[in-house]
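Laboratory data are not the source of any read-out in this text; all were calculated from the coordinates shown. Treat the numbers as computed from the prediction; the structure is a model and nothing was measured. Here Cβ is always computed from backbone atoms with ideal geometry, including for glycine, and neighbour counts include all displayed protein chains.
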Amino acid sequence: MTDPTAPPCAPQFETAQQQRQSSLLGMWIFLSTETLLFGGAILCYAIYRMQHPAAFIAAGRHTLLLAGTINTAILLLSSYLVARAVHHIEAGSRAAVTRLLGFAAALAVVFLTIKGFEYTHEIHDGLFPGPAFHIEGDDPHAQQMFFVLYFTLTALHAVHVAIGALTLAVCAWKVHHANDPQRLATMVDLAGLYWHFVDIIWVFLFPLFYLLGRSS
Amino acid sequence: MSLSKQHLLTFVALLVLLAITVAAACLPIGPCQLPLALLISTAKAALIILIFMRLPSASSIARLAFAAGFLWLLILTALSLSDYLTRN
């Protein structure tokens, strides 16, 4: 039954193809759970915004639009580079994959740096929820809720970015030192799927927190 | 079209959609803001899922697993909103 010329696979699988499909299925299932994690939090945002539309628009003006836009572009670029890396790993080009994944990981660090700058600025302006929170305009309590959601969701996302950056860096390192890079194709594919998903989350968070109240 | 070209065009399209969404947010179109922004975000997400994540080439069970997440999210959303929207 077993074909001696077929690529090797772990003992519980019949073929390497089945092993690869299982790995990918595992990641897609995990991303499903992440959809529920962020989806639930975004639903919370939706309900509060529905109940306090004016307060959310007023509060939304205080986020840094330029920083958010640059960060979105950075994540989109990193996703492009990771997609290219997945393409190249299947062809076994060690140098290209190492460069692409390394650069994507570096972009992730830039994202986190800009996020840190934003947080510092916002905390300094008294926008961090708690006793030091102060803001002008009506309904400061609902405006504070906007910032509770802003800090919670963007921090949760930032943790995912940090994990992704580490994962991409480790992948780059492993590919660089591998004797046969092509065998790491599934690993790079899995890391890529996770990273694209992190990008998708941000694509939804961006308009919710940065594009409120900009037309006046 | 080669895969390299597909990837590049997708990336360019994503940047264009980003520019459009920011520009639209600065226009005084009032209540259309949110649905438009969400529509553009969905378009971006669709491009990333279909082309970068290669969902169409994944096994049917993997596609089912991913779709299931949205199904449960829909249940969560429907039941939550049915509460909040029917309060006085």
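With the Cα gyration tensor of chain B in hand, give its eigenvalues times 5 under a square root as the equivalent ellipsoid semi-axes, listed largest first in whole angstrom.
Whole-Å semi-axes of the equivalent ellipsoid: 29, 25, 5.
Of the GluC sites (Glu not before Pro) in the stretch A:97-169, the ones in a loop by DSSP (not H, G, I, E or B) with at most 16 other beta carbons within 10 Å are A:E136.
Which one of A:P7, A:T152, B:F11 has its Cα pushed farthest toward the positive end of the charge dipole of the protein assembly as shown, where Lys and Arg give +1 and Asp and Glu give -1 at the Cβ? The residue sitting farthest along the positive end of the dipole is A:P7.
Legend: helices of chain A (whole DSSP H runs) are marked when their alpha-carbon atoms reach 30 angstrom or more along the helix axis and their mean Kyte-Doolittle hydropathy is at least 0.5; marked are A:65-91, A:94-124, A:140-177, A:185-210.
When the Gaussian network model of chain A links Cα atoms closer than 10 Å, the mean-square fluctuations of A:F151, A:F133, A:F111 top out at A:F133.
Taking every pair of alpha-carbon atoms in the stretch A:1-98, give the share separated by more than 16 Å as a whole percent. It would help to have the intermediate numbers written out before the result.
Values: 3709 of 4753 pairs.
It works out to 78 percent of all Cα pairs.
Local charge for A:L168 was computed over the other residues whose Cβ lies under 14 Å away, with Lys and Arg +1 and Asp and Glu -1, and equals +1. Where does the Debye-calculated log10 I(q)/I(0) of chain A sit at q = 0.12, 0.17, 0.18 Å⁻¹, using only Cα point scatterers of equal weight, no solvent? The Cα Debye sum returns log10 ratios of -0.70, -1.12, -1.21. The residue among A:A178, A:N71, A:Y48 whose Cα reaches farthest toward the positive pole of the charge dipole of chain A, with charges on the beta-carbon of Lys, Arg, Asp and Glu, is A:A178.
Per residue, the convex hull spanned by the alpha carbons of the stretch A:100-145 comes to 86 Å³.
Charge dipole (Cα centre; +1 on Lys/Arg Cβ, -1 on Asp/Glu Cβ; no other charges) of chain A amounts to roughly 400 debye. Give the residue from A:L112, B:P56, B:A24 lying farthest towards the positive end of the charge dipole for the protein assembly as shown; charges sit on Cβ (+1 for Lys and Arg, -1 for Asp and Glu) and the dipole is referred to the Cα centre. Going by the Cα projections, it comes out as B:P56.
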